[in-house]
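Here, each number is a calculation from the coordinates, and none is a lab measurement. Just so it is clear, the model here is predicted, and its values are computed rather than measured. Cβ atoms come from the backbone with ideal geometry, glycine included; neighbour counts cover every protein chain shown.
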Amino acid sequence: MKRPLFIIFKERAIEGALLLCALSSIFITLSIVFILFYESFGFFKDIPLWEFLTGTQWTPLFAQPKFGILPLVCGTLLVTGIAVLVALPIGLIVAVYLSEYAPHKIREMAKPILELLAAIPTVVYGYFALLFLTPILQKFIPDLSGFNALSPGIIIGIMIIPYVSSASEDSMRAVPMQIREGSYAMGATKFQTAFRVIIPSAFSGIAASFIIGISRAIGETMVVAIAAGMMPSLTLNPLKPVQTLTAYIVGVSLGDLPHGTLEYKTIFAAGITLFLMTLFLNILGFWFKRKIREAY
Amino acid sequence: MGFERNPFEEIRKRIAQNKLRDHLFWILGFFSTLIGFVVLFTLIIDLFIDGFPRLSWSFFISYPSRFPEKAGILSAWVGTTLVMVVTAVTAIPLGIAAGIYLEEYGKKNWLTHLIEINMNNLAGVPSIIYGLLALGLFVYFFKFGESILTGGLTLGLLILPMVVTSTRESIKSIPNSIREASYALGATKWQTVKDHILPYSMGGILTGVIIGLSRAIGETAPIITVGALTFIAFLPSPPLSPTFPFISFQWLFDPFTVMPIQMFNWVSRPQKEFHLNAAAAGIILLVMTLVMNGLAIYLRYRFRKRIKW
């Protein structure tokens, strides 16, 4: 039986429309890449790429501006490093606990509550870092300045625990039961099984979750914009104020930003640096994720 | 050597040691999981202690002000509401349609594969990059200006991958027998999707949409980048007008501020009194996020329980 022509036509039209919607995501990616390259191209016409990559001072708003991205990259890496030191160990321990130890009820309760940590608006975390955590830390570390890298780093670390723990746990639970039972049959404890059998088997998934967490920490904006200060400085001292790539973009956007000026273009130059850093991590994470599928 | 003299004793000691380590890790794991809860709890308590006294009717119906005790969040919550309307109108239909295409229509070819990889990558792009995209594209290229429309579209693009993913996951869980039954009765593909696939996957889609919108409400960075103002003492034009044609879309092009930006503005001021206002705004943001996420968790739970294929 053949369908009437207009029905065939309608089906085709609907499929076409749905395809267009799916293609919109490609359009978004292309626009991101185009806009970042286009606007920063104007920037790199005035500022040589070499100076941008190796300069140790970032003072675009001074009378004699200097455009070295290193202080911003350094600030970003410092805050991310602190966050990683908090999130990776705790996230991994939580994942092992929830996947291997915790009774069913605790796991079912803990997962949604942990995920809430990633759902809370980051500006609220910024408030918490600046007005709660920093004053407490100052009691123990008298040298800590009011704006510093330490406090937002710790808070971002706690914020990304669910990204690390949830994906790691999923990949540990995907390890087949026989492997666990084989280990128990040899007389190994849960602890030995988890660390010598399960974690090596689930390595790709755990690595992917770590990388996604790091990429989140690099892109995090409001916590650092509020609590880390707005001072671009080339330092690895977590007690001093720093500025990250993201915080710089926010800081400049807050002021009046005439279109087309060099100042306007600097945020795109900072943006493309950030974009390339996270893109690299996302691709690496994607590569690890693909390896999971090959495992069993 | 001890081992030769008393082998059992040595083995027993080892077993005891291993068991002790096992128990210690159990405790460590439990307390590490608790860290998350403790931080969440402390954060909520801290906000309530600071901000609760500021929550009053006048806080909701006042504009921001130089005087902290007179300042309120009227323009902020109206702005957030309107921006969310634009975000929902953009992201929900677009995301559901894209999800349907990828699950039901897309053949396994390079194009579908490319869209999938791309969607994964978009989900990992920092939100502030979306702000830069919107600044270049919506503000200066399409000339929408620093308006509610720009803000809403920006957040719409930001949560698009979340809507697409949740749509796909919940469509994926529908067994093929449902589709085949529908085709056997002579339904076309679109009829099958519209009358069976979509209604059955609504629960999962709704969960994803709510979580996406709750994330959009709290997003600050991209909205600052597109140039939302931090001090707005007026409301956008009303959507209804007394004269013909009675509905006005002028509000789409009005300048705006949103709740998280208002909070950011107050946190960044040195005076302690403004920090209290920030805490009060934070309570409202937090309550909205928690309620929306709670609703999503509840819906997920309900639908998982009710539908048994």
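Counting only helical runs of four or more DSSP H residues, what would the 222 nm mean residue ellipticity of chain A come to if each run contributes -39,500 (n - 2.57) and the total is spread over all its residues? Numbers along the way, then the final one.
Values: 14 runs with 208 residues, N = 296.
Computed mean residue ellipticity for chain A: -23000 deg cm²/dmol.
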In whole percent, the Cα-Cα distances of the stretch B:125-177 spread across 5 Å bins from 0 upward as 4, 19, 22, 15, 11, 9, 8, 6, 4, 2, 0
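Please give the calculated 222 nm ellipticity per residue for chain B, where each DSSP H segment of at least 4 residues contributes -39500 (n - 2.57) and the sum is spread over every residue; nearest 500 deg cm²/dmol? Walk me through the numbers on the way to the answer.
On the way: 13 runs with 210 residues, N = 309.
Computed mean residue ellipticity for chain B: -22500 deg cm²/dmol.
With 10 angstrom as the radius, rank A:Y127, B:Y183 by how many other C-beta atoms surround their C-beta, starting from the fewest. Let's see the in-between values first.
On the way: A:Y127 30, B:Y183 13.
Lowest count first: B:Y183, A:Y127.
Can you give the direction-averaged projected area of the convex hull of the alpha-carbon atoms in the stretch A:69-154, in nm²? Walk me through the intermediate numbers first.
Working: hull surface 29.1 nm².
In nm², the orientation-averaged hull projection of the stretch A:69-154 is 7.3.
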Can you list the residues, at least 5 places off or on another chain, whose amide H is less than 5 Å from the amide H of A:W58, using H built in the peptide plane?
A:G68
Taking B:D254, A:D143, B:D50, B:D195 and counting other beta carbon atoms within 10 angstrom, the fewest-first order is A:D143, B:D195, B:D254, B:D50
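Restrict the search to the stretch B:9-73; then list the GluC sites (Glu not before Pro) that DSSP places in a loop and that have at most 15 other Cβ atoms within 10 Å of their Cβ.
On the way: sites: B:E9, B:E10, B:E69; in loops: B:E69.
Listed in order of number, the matching sites are B:E69.
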Given all pairs of distinct Cα atoms, chain A yields a Kirkwood Rh in Å of 22.0
Peptide-level mean, for B:94-100, of C-beta atoms on other protein chains within 10 Å
5
First obtain the Kirkwood hydrodynamic radius of the stretch A:158-198 from its Cα pairs, then insert it into the Stokes-Einstein equation at 37 °C and 0.692 mPa s, and state the resulting D in µm² per second as a whole number.
294
Go from 0 up to the bin containing the longest alpha carbon distance in the stretch A:137-296, width 5 Å each, and give me the % of pairs per bin.
2, 8, 13, 14, 13, 12, 10, 9, 7, 5, 3, 1, 1, 0
Along the principal axes of its C-alpha atoms, what lengths does the protein assembly as shown span, in descending order and rounded to whole Å?
97, 83, 55
Given a 10 angstrom Cα cut-off, can you work out which residue in B:E104, B:E116, B:E180 is the most mobile in a GNM of chain B?
B:E180
In sequence order, what are the phi-derived ³J(HN,Hα) couplings for the stretch B:16-27 according to the Karplus relation 6.51 cos²θ - 1.76 cosθ + 1.60 with θ = phi - 60°, rounded to whole Hz, with x for glycine and proline?
4, 4, 4, 5, 4, 4, 4, 5, 4, 5, 3, 5
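Quick one: which of A:276-287, A:94-105 comes out on top by average Cβ neighbours within 10 Å, and what's the full order, highest first? Don't skip to the end; give the middle numbers.
Details: A:276-287: 16.8, A:94-105: 20.2.
The peptides rank, most packed first, as A:94-105, A:276-287.
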State the three equivalent ellipsoid semi-axes of the stretch B:56-306, derived from the C-alpha gyration tensor as the square roots of 5 times its eigenvalues, in descending order and whole Å.
38, 20, 18
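Ratio of the stretch B:2-52's C-alpha Rg to 2.2 N^0.38 Å, to two decimals? If you can, show how the numbers build up before the last one.
Working: Rg = 21.7 Å, N = 51, 2.2 N^0.38 = 9.8 Å.
Ratio of Rg to 2.2 N^0.38 Å for the stretch B:2-52: 2.21.
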Alpha-carbon Rg with Dmax, taken over the stretch A:14-61, Å:
17.9, 55
Average other protein chain Cβ within 10 Å of Cβ, residues A:220-227:
5
My understanding is that a pair violates if its Cα-Cα distance is over 20 Å; which of A:K265/B:K143; A:K291/B:K107; A:K45/A:K265; A:K105/B:K19 do that in this structure?
A:K291/B:K107; A:K105/B:K19
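Per residue of B:35-45, how many C-beta atoms from partner chains lie within 10 Å of its own C-beta, taken as a mean? If you can, show how the numbers build up before the last one.
Numbers: counts 8, 14, 6, 1, 10, 6, 0, 3, 10, 3, 1.
Across B:35-45, the average partner-chain Cβ count within 10 Å equals 6.
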Binned at 10 Å starting from 0, the alpha-carbon pair-distance distribution of the stretch A:1-143 in whole percents comes out as 8, 16, 20, 23, 17, 10, 4, 1, 0
Just to check I understand the Karplus step: with θ = phi - 60° and J = 6.51 cos²θ - 1.76 cosθ + 1.60, what whole-Hz values come out for the stretch A:256-269, glycine and proline as x?
6, 10, x, 5, x, 6, 5, 4, 4, 6, 4, 5, 6, 5
